[in-house]
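Peer 1: Questions regarding the structure given below will be posed in turn.
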Amino acid sequence: MNGPKIYFTIPLLGGIDITQTTVSSFVVMVLLCTAAVVLGGNLQKRPGRRQVLVEKGVTMLYDMVESTMGKHNSYWTPYIGALFLSSICGSFIGMTGIFRSSTADLSTTFTWALMTSFLCWGCSIKRNGVGGWLKGFTEPIVVMTPMNLVSEIAQPISMAFRHFGNMAGGLVITTLIMGALKVLSNAVLGFLPDNIALLQIGLPGVLSLYFDCFTACMQAFIFSMLTMAYVGDARNS
């Protein structure tokens with residue numbers, strides 16, 4: 001409700017706060033790196049069940065990237081896969097009750113959105129040169145330049161707030177409902193001990209399935225698709 005808690009501050013560059021988001025992001029990174037080493041090692045010519053499932057997932061990811069960005073851009077697949085998995089795991093980690101969802105912090109989603117914008121600008125400059133990239137802001141006519149600049153600035157902001165808003169909103173709504181149900185349970189079932197809130201059973205679980213599972217998967221997919229669309233457009237334009 002009050003944002004990520006600050007665990008401690010590293011006295012460098014004016015103070016670097018180590019927050020719940022920092023810890024969650026680091027844990028997700030370690031888990032994904034470990035999974036990559038474990039699942040990607042000891043590959044066999046006659047694969048077992050685990051290797052078949054991993055290869056199927058990788059193939060589906062490559063197909064998705066190639067169908068969206070074109071086959072010539074398939075080398076973007078590892079980045080898109082890392083972004084997609086970081087988003088999903090960053091959201092799911094909040095379900096442990098120990099860590100806070102990293103995607104419920106605007107700094108996380110805004111960093112990813114800025115990375116997408118920088119990639120788009122870099123691809124456009126590589127393809128058209130600095131002059132051609134700057135000239136693109138004046139197309140189709142010069143009077144559209146302010147609108148094109150606003151659109152360029154709004155792109156990362158909209159991507160960041162869409163993802164963050166859905167995850168943080170779900171966290172806030174679930175917390176408010178949990179608190180309200182506890183108060184109602186104490187009022188209606190006051191004869192029970194304070195640590196037993198029967199009315200909290202059921203509805204919060206359903207809300208968690210929607211906000212923590214379905215919404216997390218949808219937002220990860222949408223963010224990855226937008227990244228592919230924007231970068232693919234910059235590569236091909």
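Peer 1: Out of (1) open to solvent by 40 Å² or more (accessible area, probe 1.4 Å); (2) closer than 27 Å to T116 by Cα, what's the single condition that is false for P11?
Peer 2: (2)
Peer 1: Regarding the range 119-128, can at least one residue be identified that is in contact with a Cys (Cβ under 9 Å, 6 or more places away or on another chain) and part of a helix (DSSP H, G or I)?
Peer 2: No, every residue in the range 119-128 fails to be in contact with a Cys (Cβ under 9 Å, 6 or more places away or on another chain) and part of a helix (DSSP H, G or I).
Peer 1: Hey, another quick one. Could you tell me whether L184 is open to solvent by 70 Å² or more (accessible area, probe 1.4 Å) and either in a helix (DSSP H, G or I) or at pLDDT 85 or above (or both)?
Peer 2: Values: open to solvent by 70 Å² or more (accessible area, probe 1.4 Å): yes; either in a helix (DSSP H, G or I) or at pLDDT 85 or above (or both): yes.
So L184 fits the description; yes.
Peer 1: Separate question: Inspect all residues belonging to the range 187-208 and state whether any of them is surrounded by 13 or more Cβ atoms within 10 Å (Cβ to Cβ), more than 24 Å from S101 (Cβ to Cβ), modelled with pLDDT under 85 and of a type in the set (S, T, Y).
Peer 2: No: the range 187-208 contains no residue that is surrounded by 13 or more Cβ atoms within 10 Å (Cβ to Cβ), more than 24 Å from S101 (Cβ to Cβ), modelled with pLDDT under 85 and of a type in the set (S, T, Y).
Peer 1: Picking from T77, T96, T103, which residue would you name as being at pLDDT 90 or above and at negative phi?
Peer 2: It is T77.
Peer 1: I'd like to check something: does the range 123-137 contain any residue that is open to solvent by 60 Å² or more (accessible area, probe 1.4 Å), more than 23 Å from L32 (Cα to Cα), among the charged types (D, E, K, R) and free of Cβ contacts under 8 Å to residues at least 40 places away in the same chain?
Peer 2: yes
Peer 1: Those residues that are surrounded by fewer than 13 Cβ atoms within 10 Å (Cβ to Cβ) and either at positive phi or over 21 Å from the mean Cα position of the chain (by Cα) (or both), I need them from the range 18-41; list them, please.
Peer 2: V37, V38, G40, G41
Peer 1: Taking the range 138-161 as the search range and keeping residues that are hydrophobic (A, V, I, L, M, F, W, C), in a helix (DSSP H, G or I) and farther than 28 Å from T111 by Cβ, which one is least open to solvent (accessible area, probe 1.4 Å)?
Peer 2: M144
Peer 1: I need the full set of residues from the range 123-167 which are of a type in the set (A, V, I, L, M) and touching a Gly at 6+ places or on another chain (Cβ under 9 Å), in order please. Don't jump to the end; show me each part of the working.
Peer 2: So the first thing to find is which residues in the range 123-167 are of a type in the set (A, V, I, L, M), and the list is 125, 130, 134, 141-144, 147, 149-150, 153-154, 157, 159-160, 167.
I125, M167, listed by residue number.
Peer 1: Can you name the residue in the range 77-87 that is in contact with a Ser or Thr (Cβ under 9 Å, 6 or more places away or on another chain) and in contact (Cβ under 8 Å) with a residue 12 or more places away in the chain and, of all such residues, is surrounded by the most Cβ atoms within 10 Å (Cβ to Cβ)?
Peer 2: S87
The values are calculated or read from the model by the stated rules, or taken from the named source; none is laboratory data. Here the structure is a predicted model, which means the values were calculated and not measured. Neighbour counts are summed over all protein chains in view; Cβ atoms, including those assigned to glycine, are modelled from backbone coordinates with ideal geometry. Quick note on the areas: whole protein, heavy atoms, side chains included, nothing else; ligands and nucleic acids left out. Shrake-Rupley method; radii C 1.70, N 1.55, O 1.52, S 1.80 Å.
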